[in-house]
1. Is it the case that Ala135 is over 25 Å from Ile35 (Cβ atoms), modelled with pLDDT of 95 or more and either touching a strand residue (DSSP E or B) at 6+ places or on another chain (Cβ under 7 Å) or buried (at least 19 other Cβ atoms within 10 Å of the Cβ) (or both)?
2. Conditions: (1) touching a Cys at 6+ places or on another chain (Cβ under 9 Å); (2) surrounded by 17 or more Cβ atoms within 10 Å (Cβ to Cβ). Ser140 meets all but one. Number of the miss?
3. Would you please name the residue that is modelled with the lowest pLDDT, looking only at residues in the stretch 106-115 that are surrounded by 16 or more Cβ atoms within 10 Å (Cβ to Cβ) and either among the hydroxyl-bearing types (Ser, Thr, Tyr) or touching a Gly at 6+ places or on another chain (Cβ under 9 Å) (or both)?
4. Residues Gly80, Gly124: which one is of a type outside the set (A, V, I, L, M, F, W, C), touching a Ser or Thr at 6+ places or on another chain (Cβ under 8 Å) and under 23 Å from Arg34 (Cα atoms)?
5. Looking for whichever is within 19 Å of Ile65 (Cβ to Cβ) and at pLDDT 95 or above here; the options are Ser145, Ser118. Which one fits?
6. Kindly list the number of the only condition in (1) more than 16 Å from Ile88 (Cα to Cα); (2) outside any loop (DSSP other than H, G, I, E, B); (3) over 16 Å from the mean Cα position of the chain (by Cα) that fails for Gly133.
7. Which numbered condition in (1) modelled with pLDDT of 95 or more; (2) touching a helix residue (DSSP H, G or I) at 6+ places or on another chain (Cβ under 7 Å) is the only one that Phe165 fails?
8. Exactly one condition in (1) surrounded by 17 or more Cβ atoms within 10 Å (Cβ to Cβ); (2) in contact (Cβ under 8 Å) with a residue 60 or more places away in the chain is false for Gly97; which is it?
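The values are calculated or read from the model by the stated rules, or taken from the named source; none is laboratory data. Here the structure is a predicted model, which means the values were calculated and not measured. Cβ: placed from backbone, ideal geometry, glycine included. Neighbour counts: every protein chain shown.
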Amino acid sequence: MTLRELADAAGVTESFLSQVEREVASPSIASVQRIAGALGLAIAELFIEEPSTGRLVRRAERRRIEYPGLGTIDEFLTIGLSGRVQVIVCTIAPGGGTGPEAYAHDSDEEVVVVLEGSIDLRVGADHHVLDTGDAITYSSRLAHSSVNNGTVPAVVLFCVTPPSF
């Protein structure tokens, strides 16, 4: 696949892909999802090759994905896409979030638990403000997005079944 073919399939420009590759631009989660989809991959497969066995994930060995332009860091508490659930702890800086575009993915269900701070979560046409200790469950197939409108980092646990990131 050429760069142009990938750009066309992902709905982005060749220039944007080049900027992402050189870490000059930071794509939204929705853009990363489209790029991965165009390559026939899950988002996680873009960032690291994972071992095929094992369930123990030590804190120091967590797969970590930073989205600098989004003020977000994902740390994967589960390994691979072969299990039945995927658990991600996400740290979202004040003003950070998933980006300007809402996105959906091929998982069935998502559970979000705010461990620290607060987030604004949009699921479809619904808007929720979740504070420390709040939890919500929704269909991952509905377009959703989140942002930390608070003044302190938010730490949020995302549980997705089946895994799709």
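1. Considered against the rule, which asks whether it is over 25 Å from Ile35 (Cβ atoms), modelled with pLDDT of 95 or more and either touching a strand residue (DSSP E or B) at 6+ places or on another chain (Cβ under 7 Å) or buried (at least 19 other Cβ atoms within 10 Å of the Cβ) (or both), Ala135 comes out as yes.
2. Every listed condition holds for Ser140 apart from (1).
3. Ser107
4. Only one candidate qualifies: Gly80.
5. Details: Ser118 fails: within 19 Å of Ile65 (Cβ to Cβ).
When all the criteria are applied, what remains is Ser145.
6. (2)
7. Condition not satisfied by Phe165: (1).
8. (2)
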